[in-house]
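To start, the structure itself, in structure tokens.
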Amino acid sequence: MTAAILDGKKLAETVREEVRGGVATFTKKYGRAPGLEVILVGEDPASQIYTRNKEKAAKDVGIRGKLHVLPTGTSESTLLAELYRLNADDAVDGILVQLPLPSQIRQSRVLDAIRPDKDVDGFHPTNAGLLTSGRPSLVPCTPRGAMKLLNLAIATLAHTTLEGAHAVVVGRSNIVGKPMAQLLLAANATVTLAHSRTKDLAGTCRQADVLVAAVGKAELVRGNWVKPGAIVIDVGMNRIHVAAASPGETSKTKLVGDVAFDEAKEHAAAITPVPGGVGPMTIACLLENTLIAAQARLAARG
């Protein structure tokens, strides 16, 4: 068996085209584009590239995107003041603070300060609670994108359904693992949320019809952990060192997921690659969340 490869880049472009059309309709109706504000604290080169890509992606679909880069030494009170300003700005529909934050800033304090209706990351306790209650909310972008890839797999395989399927999510973070489990429950899957204290993790994974790896450990899930015919969604993005192939060559780094892809694809029915799987979907779903937030805010006014 060789798995179908779930193309996140292609699906992300489909989502972006849908958002582009929605943004055009919104702009025509309300006389302005949806507004997304992204805040980065610090000068980490990788984070700067990632946040600028978000700004660029927003502008590409017609969203008014703006990136704010604050110094590494920014105080918590200064960042909170900026959030309160953006909360009060009626032209701002979505606010995102890039994580992680410097040690002097409490992450929970910052996430709690963003208005729930502008929380396009879906991390605010109000949105987390709504998701748990099965009520409409802004859903974290990575789980939202993972569910779209899972639905693509089901459409590709035709005979597969989430209804009654056993889904195993490896990783219990508030950002991915827990909301992913809630979305799977909403789709009527039977869900096991596994983590670092799970006894016989490999055996638990082998029971999964749907296996979602979101633990942040390079190639933790081996091929023989995958049930034959399972759908595998790999959320992990890890850089590993690759030794030089011969003397005189320089060593390199390689981006891999939480799943040993080459092994797992021989067992799975469908699998996401890294890169090119869940990653592109995260930014696409951020744009989708921004449009949803803008539509909901203005529609509520009648």
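The values are calculated or read from the model by the stated rules, or taken from the named source; none is laboratory data. Since we're looking at a predicted model, the values are computed, not measured. Backbone-built Cβ (ideal geometry, glycine too); neighbour counts: all protein chains shown. Accessible surface areas use protein heavy atoms only, side chains included; no ligands, DNA or RNA. Shrake-Rupley method; radii C 1.70, N 1.55, O 1.52, S 1.80 Å.
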Carbon and sulfur %, accessible surface of segment 10-52 computed with the full protein complex present, 1.4 Å: 56 percent
J(HN,Hα) series, segment 63-69, from Karplus relation 6.51 cos²θ - 1.76 cosθ + 1.60, nearest Hz, glycine and proline x: 7, 7, x, 9, 9, 10, 9
Per-peptide average of other Cβ atoms within 10 Å, ordering 281-289, 95-103 highest first: 281-289, 95-103
Positive minus negative residues near Ala260 (Lys, Arg vs Asp, Glu; Cβ under 14 Å): -2
Overall form of segment 147-275 per C-alpha gyration tensor (a/c, 1.5; a/b vs b/c): prolate
Mean separation of Cα contacts under 8 Å, 6 or more apart, over the residue count of the chain: relative contact order %: 22 percent
Along each principal axis, Cα extent of the chain, largest first, Å: 53, 52, 35
Residue-normalised accessible area of the chain, expressed per residue, 1.4 Å probe, Å²: 46 Å²
Percent carbon-and-sulfur accessible area, segment 226-302, ignoring ligands, DNA and RNA, probe 1.4 Å: 57 percent
Of all accessible heavy-atom area on segment 68-199, the percent that carbon and sulfur account for (1.4 Å): 54 percent
Net charge of neighbours whose Cβ lies under 11 Å from the Cβ of Arg106, counting Lys and Arg as +1 and Asp and Glu as -1: -1
DSSP-defined beta bridges in segment 154-267 - what % are antiparallel, rounded to 5: 25 percent
Links that overshoot a 27 Å alpha carbon limit, given the list Lys59/Lys254; Lys9/Lys199; Lys9/Lys56: Lys59/Lys254; Lys9/Lys199
Of all DSSP beta bridges in the chain, antiparallel share, percent nearest 5: 15 percent
At q = 0.09, 0.14 Å⁻¹, base-10 log of I(q)/I(0) for segment 45-192 (Debye sum, equal scatterers on each alpha carbon): -0.35, -0.80
Rg followed by Dmax, in Å, when segment 115-202 is reduced to its Cα trace: 13.6, 42
Kirkwood Rh in Å, taken over all unlike Cα pairs in segment 81-153: 13.4 Å
